[in-house]
1. Is segment 74-81 home to any residue that is over 15 Å from Phe152 (Cβ atoms) and at pLDDT 95 or above?
2. Name every residue in segment 103-131 that is of a type in the set (Ser, Thr, Tyr), surrounded by fewer than 16 Cβ atoms within 10 Å (Cβ to Cβ) and within 25 Å of Asn144 (Cα to Cα), in order of residue number.
3. Being over 20 Å from Tyr142 (Cβ atoms) and buried (at least 17 other Cβ atoms within 10 Å of the Cβ): is that true of Phe69 here?
4. List every residue pair whose Cβ atoms sit under 6 Å apart, with the two residues 6 or more apart in sequence or on different chains, where the first one lies in segment 1-26 and is more than 22 Å from Lys90 (Cβ to Cβ) and the second, anywhere, is part of a loop (DSSP other than H, G, I, E, B) and at pLDDT below 95.
5. When you scan segment 146-157, do you find a residue that is of a type in the set (Val, Ile, Thr) and closer than 19 Å to Met36 by Cα, even just one?
6. Provide a single number: the residues in segment 78-110 that are among the small types (Gly, Ala, Ser), within 19 Å of Ile124 (Cβ to Cβ) and out of contact with any strand residue (DSSP E or B) (no Cβ under 6 Å at 6 or more places or on another chain).
7. What single numbered condition from (1) farther than 18 Å from Lys19 by Cα; (2) without any contact (Cβ under 8 Å) to a residue 12 or more places away in the chain; (3) crowded, with 16+ Cβ neighbours inside 10 Å; (4) not polar (S, T, N, Q) fails to hold for Pro48?
8. Pairs needed: first member in segment 82-98, buried (at least 18 other Cβ atoms within 10 Å of the Cβ); second member anywhere, hydroxyl-bearing (Ser, Thr, Tyr); C-beta distance under 6 Å; at least 6 residues apart or different chains.
Amino acid sequence: MPKQVLNAAKIKIREARNKDLDSIIGIEKQIAPSTMRKSQYAAEFLNPFSHFHVACIPETGEIIGYFIFWIIEDIMEIHQITVSTEHQRKGIGSLLMQFLLDQAKQNKISDIFLEVRQSNTAAIQFYQRFGLKKKSVRKDYYQNPVENGLVFRKKMIV
């Protein structure tokens, strides 16, 4: 069966729900060697700073990506932005990132921060396309394997 070609305009972004967690964990396992536990994702629903959303195909309800960001005063911290391997390189990540930037504008955010593994060159190039710039290095920040974390920042015009 041929792969379904998605039009990013037909993707719905909505708030994540508890019933979405198994799908979210499935996507995370495709991408990361050590995933967060279900309880850690569930804790995001209780965190007053957290904004947890999914991208889904409206016709089927299939969750194809998700993102978590925190807003603390006028700072946005992007904690995760993930698209399932099957749906990568189809504009979904760009759609999610544009949603995040729109949220930043609506909330009068002054700075956006995120962190990425030093070896994740595809993600680094992706973030740079959206104007994020490397600010600092967190030595040996990640485990499994041990690796530096790169902190990126985007200064927003308020």
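1. yes
2. Within segment 103-131, Ser119, Thr121 qualify.
3. no
4. none
5. Checking segment 146-157: at least one residue is of a type in the set (Val, Ile, Thr) and closer than 19 Å to Met36 by Cα.
6. Number of matching residues: 2.
7. Going through (1) farther than 18 Å from Lys19 by Cα; (2) without any contact (Cβ under 8 Å) to a residue 12 or more places away in the chain; (3) crowded, with 16+ Cβ neighbours inside 10 Å; (4) not polar (S, T, N, Q) one by one, Pro48 breaks only (3).
8. Thr82/Tyr66
The values are calculated or read from the model by the stated rules, or taken from the named source; none is laboratory data. Owing to the predicted nature of the structure, the values given are computational and were not obtained by experimental measurement. All Cβ positions, glycine included, derive from the backbone under ideal geometry; neighbour counts span all protein chains shown.
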